[in-house]
1. Would you call A251 away from the ligand (no atom under 16 Å from the Cβ), closer than 30 Å to R359 by Cα, at pLDDT 95 or above and touching a Phe, Trp or Tyr at 6+ places or on another chain (Cβ under 8 Å)?
2. So P253 ticks every box in (1) crowded, with 23+ Cβ neighbours inside 10 Å; (2) free of Cβ contacts under 8 Å to residues at least 60 places away in the same chain; (3) out of contact with any Pro (no Cβ under 8 Å at 6 or more places or on another chain) but one. Which box is left unticked?
3. If you scan segment 444-479, which residues turn out to be under 17 Å from Y69 (Cα atoms) and within 15 Å of the ligand (Cβ to nearest atom)?
4. Could you please let me know if D403 is modelled with pLDDT of 95 or more, away from the ligand (no atom under 16 Å from the Cβ) and within 25 Å of D478 (Cα to Cα)?
5. In this structure, does E414 turn out to be within 26 Å of V237 (Cα to Cα) and more than 15 Å from the ligand (Cβ to nearest atom)?
6. Of all helices (runs of 4 or more DSSP H) completely enclosed by segment 89-162, which ones contain at least 3 residues that are over 20 Å from the mean Cα position of the chain (by Cα)?
7. Go through segment 422-443 and give me each residue that's near the ligand (Cβ under 8 Å from one of its atoms), among the aliphatic types (A, V, I, L, M) and either in contact with a Gly (Cβ under 6 Å, 6 or more places away or on another chain) or not in a loop (DSSP other than H, G, I, E, B) (or both).
8. List every residue pair whose Cβ atoms sit under 7 Å apart, with the two residues 6 or more apart in sequence or on different chains, where the first one lies in segment 272-299 and is in contact (Cβ under 8 Å) with a residue 24 or more places away in the chain and the second, anywhere, is of a type in the set (S, T, N, Q).
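The values are calculated or read from the model by the stated rules, or taken from the named source; none is laboratory data. Quantities reported herein were computed from a predicted structural model and do not represent experimental measurements. As a convention, Cβ positions derive from the backbone with ideal geometry for all residues, glycine included, and neighbour counts pool all protein chains shown.
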Amino acid sequence: MTQGYQMPDDFLWGGAVAAHQVEGGWDKGGKGLSIADVMRAGDKNTARIEDDEVLADQVYPNHWGVHFYDHYKEDIKLFAEMGMKAFRTSIAWTRIFPNGDEDVPNEEGLQFYDDLFDELHKYNIEPVVTLAHFEMPLHLVKAYGGFSNRKVIDFFTKFAEVCFRRYHNKVKYWMTFNEINNQTNYQDPHPLLQNSGLILSDTDNWEEAMFQAAHFEFVASAQAVQIAHAIDPRLQVGDMIAFNPIYPLTARPEDVLYCQRAMNYRYYFGDVQALGEYPAWLKKYWARKNFKLDITPEDLAIIKAGAVDYIGFSYYNSSAVKYTEDNPELDFNEGANDVKNPYVPRSDWGWQIDPVGLRYSMNWMTARWGKPMFIVENGFGAYDKMEEDGSVHDDYRIKFLADHLLQAEKAVAEDGCELLGYCPWSAIDIVSASTGEMKKRYGFIYVNADDNGEGDFKRSKKDSFNWYKQVIASNGADL
Ligand code: BG6
């Protein structure tokens, strides 16, 4: 056991999931089709294919998730047994507005989340809710082009307003767009679709399209923050940044400068959402690239007035970069300049394992944005093996989480960073977002199902379940 630090008394120990990765029930309760409902399974070497519609001969893992839609009472009971004080999930936009552009929300969908939040409160578990977690209504993609279209701002803010009005007495902590900055990897169609509902052609400028969509999301997010505060000043609305610190591979000045520019690029999303304005370097960058973005003075005023209350972030890994001579402008090109960091190991999926990077990140964010933070994802995707007696010995996950938690606790206790809570990914096994696999497991609770949805979906406690229970009971001291 590792000796950790006691966290503040009101620290929100929890676990996280997202609606499309756990709920299943894709066609129940009046739900419409989301982008996740047409994503086939892939694996670490095969990208997920997105269909235009549900095809009868294809397999879509998000159609079943882990059947949380029907199982949530049993699952929440297990979360309570672990001692969780918070549970992060998302509201499936398509349960509330099946197509995204209706005038009236779907009452059955609203009732589902009322019941879910009531069940959590029964055990004094605080819901922490993301509005858009990679599950945009498919209709908004097909009919409007997703967030390439300004109209989608209104559809999102309407959805947000309906949720704030309905649940403001049950949900205090909200986030607008999950991992909004994943789309800096704009060369890959997957994050563009997941983040922004973009489907681009070869003749589009993918980078420019990404900046435009992100801008409309910033406006939508800032409007949502203001709507939430007007409805109920107690509400706290955060952004949600995928934080993956980028290190220079060497002390060569070009490597260091390239790295700084890479960090600026990946995290300008946080600058806009937390500080309420675009950084100067980015305006210069757009001008040099000749990007013509639709950004109005009214948009900028909305962004300024709608800064987030806290920084929600995920932390899984870090990366390292190296300047190359063919890039004299030192422009960030995610992936292209990525190199292996020789000082950190990697998971089976190639993700660098770097607990110290979490403390570094928290200090970086504090210095840059000066807001309270909330770790809303941190976890280890691994192959788990269920023994015949139903046990799962996931000591590798315990080590990963303990090492990371220790660094987060040091950031709080030694460095004075403000941290609202810790919701590791994931409370229970989920369908992986990037690969669609079930076998890339993250949960404290094992779900007996395979990549094809075969299995009885029975829940069993992994060793990490009992470990996390003890962490919570000791308020972070026994890791
Ligand atoms: C984040 C997402 O990217 O990381 C989650 O917010 C996702 O939805 C998690 O599941 C882990 O990534 P993956 O691709 O291994 O599921």
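1. Taking the combined requirement at face value, the residue does not satisfy it.
2. (1)
3. The one that is under 17 Å from Y69 (Cα atoms) and within 15 Å of the ligand (Cβ to nearest atom): V447.
4. yes
5. So E414 does not fit the description; no.
6. Those helices (runs of 4 or more DSSP H) span 107-122, 138-144.
7. Residue satisfying the conditions is V431 alone.
8. Q273/S221; L293/Q212; D294/Q212
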